[in-house]
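Notes to accompany the following structure.
The values are calculated or read from the model by the stated rules, or taken from the named source; none is laboratory data. Keep in mind that what you see is a predicted model, and the values were worked out from it rather than measured. Note that we place each Cβ from the backbone using ideal geometry, even for glycine, and neighbour counts take in every protein chain shown.
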Amino acid sequence: MTVLELSTAPGSWTAVCEEARLTPGRGLAALLPDGRQAAVFRDRAGRAYAIDNRDPFTGAQVLSRGLVGSAGGRPFVASPLLKQRFDLATGRCLDDEAVVVAVYEIRAR
Amino acid sequence: MNPTPTIVLVGHGMVGQRFLEALAERGVTGRARIVVLGEEPRPAYDRVQLTSYFSGRTPEELSVVGDGFLERHGIELRTGDPVVAVDRAARTVVTGSGRTVAYDHLVLATGSYPFVPPVPGRDAAGCFVYRTIEDLLAIEEYAKGATTGAVVGGGLLGLEAAGALKGLGLATHVVEFAPRLMPVQVDEGGGAALLRTIERMGLTVHTGTGTQEVVADGGAVTGMRLSDGSELAVDMVVFSAGVRPRDQLARECGLAVGERGGIAVDAHCRTSDPAVFAIGECALAADGRVYGLVAPGYEMARTVAAVLAGEADGGFTGADLSTKLKLLGVDVASFGDAHGTAEGCLDVVYADSRAGVYKKLVVDAEGRLLGGVLVGDAEAYGLLRPMTGSRPPVPPERLVLPAGAGAPAALGPAALPDDAVVCSCHNVTKHAIGQCSTLAEVKRCTKAGTGCGGCVKVIEQLLPSPAEQGLCGCFPYTRSELYEIARTLRTTSFAALLDSHGREAAKGGEGCEVCKPAVGSILASLGNGYILDGEQAALQDTNDHHLANLQRNGSYSVVPRVPGGEITPEKLIVIGEVARDFGLYTKITGGQRIDLFGARVDQLPSIWTRLVDAGFESGHAYGKALRTVKSCVGQTWCRYGVQDSVRMAIRLELRYRGLRAPHKLKSAVSGCARECAEARSKDFGVIATAGGWNLYVGGNGGASPRHADLLAQDLSDAELVRLIDRFLMFYIRTAERLERTSVWLERLEGGLDHLREVVVDDSLGLAAELESLMAAHVAGYRDEWAETLDDPERLRRFVSFVNAPETPDPTVRFVPERDQIKPDLAFLTLEGVTSR
Ligand code: SRM
Ligand SMILES: Cc1cc2nc3c(=O)[nH]c(=O)nc-3n(C[C@H](O)[C@H](O)[C@H](O)COP(=O)(O)OP(=O)(O)OC[C@H]3O[C@@H](n4cnc5c(N)ncnc54)[C@H](O)[C@@H]3O)c2cc1C
Ligand code: SF4
Ligand code: FES
């Protein structure tokens, strides 16, 4: 059984869920030990990503509930509220270059 | 030179900021230290749109510096600290606060200052200029105690300032020395038309008169004496009599300046000292002109950035002086050789002095367009300006005639040559715009449309229509084409469809937020069963995914179906109890049902367990699906009713519930022609007649309301249902994404008549197939919530956190309002501060 783990601080890992729990193209939210929230995704190729769950445009913790897509071969999630897109690998907002969300390291064990 | 050279920019105005962006685009910000010294108390802002401050734009909104731009590129900005001296030998500058900064390259972008004619009294309290945000704040403050104002100068800026004073509630005079308004841009005929328009707006214009003296009493303005001897009683005066380049720093350190001012530069904007550049309004360009517009300044900024990046660059050799007045209510534009100075050129003029319209085009002997002036109707500006220098596709006289008077019907932007400059603020050609597919993309990639905005209309016309564009970046087909493909191939998988019919670059990818739900809806309406199963789960918007509507704080709303708006007291009580027990906000909707707001995602299953037990079903408020069929009370109770509208509404709502469509569907049934159910504002509306039912289609409320059109009359129950079956399935099959029936019907070739042929007369022989598709839908319908509750696997997604299923999301919080709850939005913003 493969489990996804998130790094919240250098060298410390938090288990999130079984890999199979994540439908490719959809996300799930995870609660981190310090109270922050992460949005975890898997793409069609099976790669996992984790970014902060907070939508910086509204403040709501909802990015995990957005739709995953890809542009120029790079996966993104579109916020379910006002549809701004965020690159899953870098956290950068594709629709407003000044906005970035945090990216968490993720691994399958 | 130092391994990390220092570039010092003096002046953080529009051109200075553009220069920084051009450096960043070329990667120079990563190789050099960049120091910006600005005199104004704030970072660069949009001076061109300065006047929009008076229509509600805040100074913050006027900023042209992207959030985090300076930090990201390591640029050091010091505001409110002007440079007071340059030591070229030591290569240092000194600021007002005494700071010394050494430079390798110095770039002067100090702009202009407003020229104030040396008349007595010009320093009295109540005298202003119109250049900075601080000027506007001061004008606004002073105007509170004033009733009458005057603007000295009837040029572009003067009229803008006059419009602003008028907007502040002052009786406003404009005093212009020249014999007409806007003398630089507009010729005599145009000036006359402009005068009429301006006077009609309630401004008093004095042309051919100079200002002799500002009269002051106790140090404050009380009036103005004009050169014709007359006097005006005014409380404040705004000088807008032209600008002068700010070249004093350059003069004092011995750089060459022009006879009439301006820091002399070569084609690469180098001053007489190769380590010093000058750009923008302070520079005297190589062609001997000082440009008072922002577009040429941007070109200069680009040139210097290219030089500093070590790129070859053609340099700045001149620019055109096209302008469009931004004053509300006045349409004035001039472009190219507006005054017809070229040898042998000819004028084509249309004037209607009653309407205040004047249009002049200047053409050469070969019929090439050289320039023009448009007053009163500048509609064609966006199109004509880019045509400058080429021969228009129709004779010039047809270009100035008003619409409907023989004006060309089909002269659109398509007629422009590829290299035509569509956006003159950012020098963007038609070709460059053709590389983008949406306005947002154009703005992001080329900056076109982000300056004065005068080109946006033309840009929109240059962008491909949805049919040419395909659904999105992933599919070259429209929704209706994809529907046919999916139906013919019996595709049931989004990934398979993407890999076989997607664009090359998108194959194997994830799709996007546009095509996923659109294809999801196609697959659902082709009868793919429960929409949350398998791969389909990943296609649905969060609303469909959680079978509820996401609200702004991350909570959800719950809307149980109330067919026809008829509800028993028992069911009302259940809704009330559920709302009370879960603490939900309740509201009667515009669709004759009840919305319960503020449910956390993990509460949805328990709420629905209670609702389903009481006999409720999903109301599909979340889906592109049938919403409600509203009804009036009808024949049973109403003295006027001629049919049982409630019974029919319930029948229709139960028949079409759960039907997935390109957009949402709404319906209503009225019991007589009084139309209390508002059926004609619905996608399909039914109105009772003595002989049966009239069916109306293609109506909606919303953003562009449209009344539905009568499709068929005096139908029996069975005929009515059959026609609606066919109508809906034909719509679902041929409409584009997010195209409501109204828009679809207007687009449909042959319109209502064609629709009637297909649906009523079965001209395409499709009717049987459409009916059987609907029969399959009706037979296959199952309540999504009941199915979800029955399946532990499906229920697993209703948790706030996958790794802490018992923990509710602590950020979904509420505060009280009018005895109920509302989202605690302040908490969400607060949260941002702590979690970042
Ligand atoms: C709740 C309600 C307002 C209310 O408090 O009364 C409502 C609420 C919403 N409307 Fe509406 N509309 C509601 C009646 C209407 C009506 C009136 C009616 O149906 O009689 C209209 C105009 C009639 C029409 O649609 O033709 C209406 C025109 C819209 C539109 C514009 C549609 C258009 O074609 O221009 C949207 C946007 C859209 O659908 O893309 C919209 C979208 C929405 C959404 C779904 C926005 C969203 O995506 O979050 C709102 C969310 C509901 C929620 O979270 O539960 N709502 N909306 C009404 C629910 C009716 C129901 O019981 O289902
Ligand atoms: C109301 C108004 C409407 C306009 N409308 C249009 C229009 O529709 N179209 C158009 O093309 N143009 C328009 N313009 C002109 C346009 O704003 C200018 O062409 C443009 O701002 C020039 O940019 P710049 O960077 O050269 O100068 P500025 O934007 O003036 O910037 C120069 C900056 O340098 C600072 N500075 C000066 N000296 C020093 C010093 N010694 N040390 C530090 N900082 C210094 C100044 O304080 C200023 O902030 C308009 C101008 C105004 C005022
Ligand atoms: S539409 Fe006619 S039947 Fe229905 S409530 Fe109104 S008046 Fe009565
Ligand atoms: S012409 Fe000014 S923004 Fe394009």
The range B:22-43, subset more than 15 Å from ligand 2 (Cβ to nearest atom) and among the charged types (D, E, K, R), residue nearest to the chain's Cα centre (by Cα): B:E25
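Of all residues in the range B:587-606, count the ones that are under 22 Å from B:L626 (Cα atoms) and either surrounded by 17 or more Cβ atoms within 10 Å (Cβ to Cβ) or within 16 Å of ligand 2 (Cβ to nearest atom) (or both). I'd like the intermediate steps shown before the answer.
Residues of the range B:587-606 under 22 Å from B:L626 (Cα atoms): B:587-597, B:604.
The next check asks that each one be either surrounded by 17 or more Cβ atoms within 10 Å (Cβ to Cβ) or within 16 Å of ligand 2 (Cβ to nearest atom) (or both); those that pass are B:591-597, B:604.
Total satisfying the criteria: 8.
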Considering residues of the range B:519-562 that are modelled with pLDDT of 90 or more and hydrophobic (A, V, I, L, M, F, W, C) only, the residue farthest from B:G583 (Cα to Cα): B:V519
Pairs, first more than 14 Å from chain A (Cβ to nearest Cβ) and in contact (Cβ under 8 Å) with a residue 24 or more places away in the chain in the range B:588-614, second away from ligand 1 (no atom under 15 Å from the Cβ) and small (G, A, S), C-beta under 8 Å, six or more apart: B:V612/B:A786
Residue within the range B:657-667 that is modelled with pLDDT of 95 or more, away from ligand 1 (no atom under 16 Å from the Cβ) and of a type in the set (D, E, K, R) present: no
Residue count, the range B:771-817 (criterion: within 30 Å of B:M729 (Cα to Cα) and within 14 Å of chain A (Cβ to nearest Cβ)): 1
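Given A:Q84, A:Q37, which one is more than 7 Å from every other protein chain (Cβ to nearest Cβ) and in contact with a Lys or Arg (Cβ under 9 Å, 6 or more places away or on another chain)? Show your work before the answer.
Values: A:Q84 fails: in contact with a Lys or Arg (Cβ under 9 Å, 6 or more places away or on another chain).
None of the other options fit; the residue is A:Q37.
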B:T807, sole failed condition from (1) of a type in the set (S, T, Y); (2) within 30 Å of B:K682 (Cα to Cα); (3) modelled with pLDDT of 90 or more: (2)
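Scanning the range A:40-54 for residues that are at the interface with another protein chain (Cβ under 10 Å from one of its Cβ atoms) and free of Cβ contacts under 8 Å to residues at least 40 places away in the same chain, which turns out nearest to the chain's Cα centre (by Cα)?
A:N53
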Which numbered condition B:V83 fails, given (1) under 20 Å from B:G297 (Cα atoms); (2) away from ligand 4 (no atom under 16 Å from the Cβ): (1)
Failed condition for B:A614, given (1) more than 16 Å from ligand 3 (Cβ to nearest atom); (2) farther than 18 Å from B:P563 by Cα; (3) hydrophobic (A, V, I, L, M, F, W, C): (2)
Verdict on B:A89 being free of Cβ contacts under 8 Å to residues at least 24 places away in the same chain and more than 30 Å from the chain's Cα centre (by Cα): yes
Given (1) surrounded by 22 or more Cβ atoms within 10 Å (Cβ to Cβ); (2) over 18 Å from B:K624 (Cβ atoms), index of the condition B:K507 fails: (1)
From the options B:S500, B:S525, B:S521, residue that is away from every other protein chain (no Cβ under 12 Å), surrounded by fewer than 19 Cβ atoms within 10 Å (Cβ to Cβ) and either within 16 Å of ligand 3 (Cβ to nearest atom) or over 22 Å from B:D791 (Cα atoms) (or both): B:S500
